[in-house]
2 protein chains.
Amino acid sequence: MTQAALSDLDVAHRMADAARAAILPHFRTSSLNTENKLAGGFDPVTVADRAAEQAMRAVLAELRPQDGILGEEFGAEAGSSGRTWVLDPIDGTRGFISGTPTWGVLIALADENGPFLGVIDQPYTGERFCGGPETATMTGPLGERPLQTLGTAALADAILFTTFPEVGTAEERAGFERVSARAKLTRYGMDCYAYALVAAGQADLVIEAGLNAYDIQAPIAVIQAAGGIVTDWQGNPAHNGGRALAAANAEIHAAALELLRQP
Amino acid sequence: MTQAALSDLDVAHRMADAARAAILPHFRTSSLNTENKLAGGFDPVTVADRAAEQAMRAVLAELRPQDGILGEEFGAEAGSSGRTWVLDPIDGTRGFISGTPTWGVLIALADENGPFLGVIDQPYTGERFCGGPETATMTGPLGERPLQTLGTAALADAILFTTFPEVGTAEERAGFERVSARAKLTRYGMDCYAYALVAAGQADLVIEAGLNAYDIQAPIAVIQAAGGIVTDWQGNPAHNGGRALAAANAEIHAAALELLRQP
């Protein structure tokens, strides 16, 4: 196949495949929590992170040489197309070193309006959540399924995720807790997997702070393709990072936003 | 095969297989978070819970009719052998309704000294963690691997799990936070999967409170077979439930226990 014959989604799949192959040999290895690592000489997370980003950049060099790249490990590389691939090879390194299947490979494709194609891949469970102009689909242990967010309208019926109970600053924590106090259920510890669950219609809200652009661009594209909405805590675009509110629909988004905006 | 030719572990595998088949059709169904459920007419979690425990009891009726049963959904059934199968068909129902792969099927076999065989099964990821007199093994996406706990000796190097930040009562939360403040990393939201990660050598400690016997007996057997130790917060047997401290080894157990015991 020529590079022109491959869709952007095809390219993203090849990148996710390459990242999986680079990372999985380092997940749940016995060396991961050894003193060797703490002594600073050898860090399997960093090794896996870098190998995965290099593998994804190699796919782009071959198939999309004209596009720019922004990656967590190797920074920004300018392109000539006006499009940028935004990459986080392992989002959720604390989950990774703890062995939880909650970290993921994040791949987004953005233009001047923000991300319009995204992949959240969990290599260990074999789950891949894809969202873009013509797709909103997941594959995994149960086969292929459409991604479709929930219609939950009231906070009292909503399931809310964040990764750490402390969330961010004291002010950010207070904002989160205003929403959490009204939600049906609050759960923690899911890293980027929480955004995938919103896209898959299993949860209603994710609230996080202190994000980088590469942490949130893939979730934005996947959730929007599935019918949801992602903004910052003021209702503005979130694709440059910082504070994020991901919601299953406009109604539950508005309900959470009102509480986050309070002083 | 006659029933005598099947080992207890073989029987446990058949029970776990039966539970998987009963539960998976109800996981991540679109009806799970609908208003229908909230109206009280139809609860897929309860349906899956009951179907799985019935399926496991049917295996025991055929293969181990002389053993007793203690199950979360259908209570206690006396046996004549002095042995009891202790069953939690879905441990972590909040994780289940949120779509996280952190809930599990718990199967333990106990005698008058407590559980000596245990299975923690995660049907969606296809992971099964087994511990007993002659086994300490997991199977999953990466194939079959031995279970072996970590040798971490200092809290400053330890990874700690609990399911909810609030843990239990205010006193219990304070005990947990004394350990958490000294640990390298604290993570939340893993339900019974946290115990499996200790057995698999990925984490060092799990601290929980408010448990039932069927929540903790399988984790006890799996972790002990893998080289770890599980007690209550006073260092006594935990198999009747209540407060549990699961640890990768005796040294890290002692370090955490000292902090939990403080008034």
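The values are calculated or read from the model by the stated rules, or taken from the named source; none is laboratory data. Note that the coordinates shown come from a computational prediction; the quantities given were computed from them, not determined experimentally. Glycine also receives a Cβ, built like all others from the backbone with ideal geometry; neighbour counts cover every protein chain displayed. We work out accessible area using only protein heavy atoms, side chains counted, and drop any ligands, DNA or RNA first. Shrake-Rupley method; radii C 1.70, N 1.55, O 1.52, S 1.80 Å.
For A:A244, nonlocal amide neighbours, meaning residues 5 or more places apart or on other chains whose placed amide H falls under 5 Å from its own, are A:E208, A:A209.
Here r is the Cβ-Cβ distance between A:Q66 and A:T169 and R0 is 35 Å; the resulting FRET efficiency, rounded to 0.05, is 0.30. Would you kindly give the portion of the calculated P(r) for region B:69-179 that falls above 20 Å, as a percent of all Cα pairs? Within region B:69-179, distances greater than 20 Å cover 60 percent of Cα pairs. 3J(HN,Hα) along region A:53-66, derived from phi through the Karplus expression 6.51 cos²θ - 1.76 cosθ + 1.60 where θ = phi - 60°, amounts to 5, 4, 5, 6, 5, 5, 4, 5, 4, 7, 9, 9, x, 7 Hz, with x in place of Gly and Pro.
The alpha carbon centroids of region B:83-111 and region A:136-164 are separated by 23 Å.
Based on Cα contacts under 8 Å between residues 6+ apart, chain B shows a relative contact order of 15 percent. Of all DSSP bridge pairs formed entirely within region A:155-260, close to 60 percent run antiparallel. Taking label positions 7 Å along the Cα-Cβ direction at both A:R182 and A:F74, the computed distance is 4.5 nm, reported to one decimal.
The convex hull built on the alpha-carbon positions of chain B has an orientation-averaged projected area of 14.1 nm². Here r is the Cβ-Cβ distance between B:A254 and A:T46 and R0 is 41 Å; the resulting FRET efficiency, rounded to 0.05, is 0.80.
Shape class of region A:126-209 from the alpha-carbon gyration tensor: prolate, with a/c at 1.5 or above and a/b greater than b/c. Across A:D121, A:D67, A:D88, mean-square fluctuation computed from a Gaussian network of chain A (C-alpha pairs under 10 Å connected) peaks at A:D67.
Contact-buried residues of region A:166-197, at a threshold of 50 Å² lost accessible area versus the chain by itself: A:K184, A:L185, A:R187, A:Y188 (1.4 Å probe; DNA, RNA and ligands ignored). Oblate is the label for region B:208-263, because the ratio a/c of its alpha-carbon gyration tensor axes (a ≥ b ≥ c) is 1.5 or higher and a/b is not greater than b/c. With each label modelled as a point 7 angstrom along the Cα→C-beta vector, the B:R145-B:A21 pair spans 2.9 nm.
Take the convex hull of the alpha carbons in region B:8-146; its mean projected area over all directions comes to 8.6 nm². Considering only B:A181, B:A136, B:A218, the Gaussian network model of chain B with Cα springs below 10 Å gives its largest mean-square fluctuation to B:A181. Taking a Cβ cut-off of under 12 Å around A:A203, the surrounding Lys, Arg, Asp and Glu residues balance to a net charge of +2, with basic ones at +1 and acidic ones at -1. Each residue of region B:77-93 was assigned a 3J(HN,Hα) from its phi angle through the Karplus curve 6.51 cos²θ - 1.76 cosθ + 1.60 (θ = phi - 60°); the sequence is 9, 6, x, 10, 9, x, 10, 9, 8, 10, 10, 10, x, 9, 8, x, 5 Hz, with glycine and proline shown as x. Remark on the protein assembly as shown: Rg and Dmax equal 23.1, 78 Å (Cα only). Across region A:183-263, Cα pairs under 8 Å and at least six residues apart give a relative contact order of 31 percent.
The mean sequence separation of alpha-carbon pairs under 8 Å and at least six residues apart, normalised by the residue count of region B:134-209, gives a relative contact order of 40 percent. Apply the a/c threshold of 1.5 to the C-alpha gyration tensor of region A:155-260 and tell me whether it is rounded, prolate or oblate. Here region A:155-260 falls in the rounded category.
For region B:243-248, the Karplus equation 6.51 cos²θ - 1.76 cosθ + 1.60, evaluated at θ = phi - 60°, returns couplings of 8, 10, 10, 9, 9, 5 Hz by residue, with Gly and Pro reported as x.
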